[in-house]
Amino acid sequence: MSHFPVSALSVSGSEGVISACISIYFRKKGTPIESQSKDIIFFFMFARKNYKMKILILNGPNLNLIGMREPQIYGTESLVDFVEKMKNKFPGHQLDYFQSNHEGVLIDKLHEAWDNYDGVVFNPGAYSHTSIALADAIRSIETPVVEVHISDIYSREEYRHHSYTAEASVKSIVGKGLKGYEEAVLYLIGTKAFEL
């Protein structure tokens, strides 16, 4: 399965999703968008009316404290509140949220995602740097997983520089704050749209 990067994701909402999908579609075709007006109309209508995804937003240990924990690193907005905002930006898609501080529970949730979700946005927290078991769980399922880290793990302590889960994921997004979750959702939507 091929995956293509989504750039220029400043547009929000359903229009932003469609814009990102069109960008991926025509970048792969290698032709200017202007010369594909009929295709654009078809693609726009398909994405708007028929294309829906079910995405799991999965968070690991200590991320239930975002908004209160180390605000100088993670900000002051809670993830629960941010996910609700995301649902309003992607009204045509189902976004489910789950958080656990326990490695085995996260592994079980990844296993459940195989048959129940089209994609997973996963912030494993500190488990990224220690859990081969979570990396194996990601590799074991066919559902694409995008890893997200709110902070830039590569500019923090040295022990955070290696991520086992990033190696197993289709993409890793770091250091973009909570907006990284939005970018991950757009990436999954855009990539899936191209495969249809």
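The values are calculated or read from the model by the stated rules, or taken from the named source; none is laboratory data. Because the structure is a prediction, the values reported are computed rather than measured. We place every Cβ from the backbone using ideal geometry, glycine too, and count neighbours over all the protein chains shown.
A few points about this structure:
- So Thr165, is it modelled with pLDDT of 90 or more, in contact with a strand residue (DSSP E or B) (Cβ under 9 Å, 6 or more places away or on another chain) and surrounded by 21 or more Cβ atoms within 10 Å (Cβ to Cβ): yes
- In this structure, Ile173 does not qualify as part of a helix (DSSP H, G or I) and not charged (D, E, K, R).
- Residue within region 89-99 that is in contact with an Asp or Glu (Cβ under 9 Å, 6 or more places away or on another chain), within 14 Å of Ser169 (Cβ to Cβ) and part of a loop (DSSP other than H, G, I, E, B) present: no
Residue-by-condition table, conditions (1) buried (at least 17 other Cβ atoms within 10 Å of the Cβ); (2) without any contact (Cβ under 8 Å) to a residue 40 or more places away in the chain; (3) under 16 Å from the mean Cα position of the chain (by Cα); (4) at negative phi:
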| site | (1), (2), (3), (4) |
| --- | --- |
| Asp81 | no, yes, no, yes |
| Met86 | yes, no, yes, yes |
| Gly104 | no, yes, no, yes |
| Ala133 | no, yes, no, yes |
| Ile138 | yes, yes, yes, yes |
| Thr143 | yes, yes, yes, yes |
| Leu178 | yes, no, yes, yes |
| Tyr181 | yes, no, yes, yes |
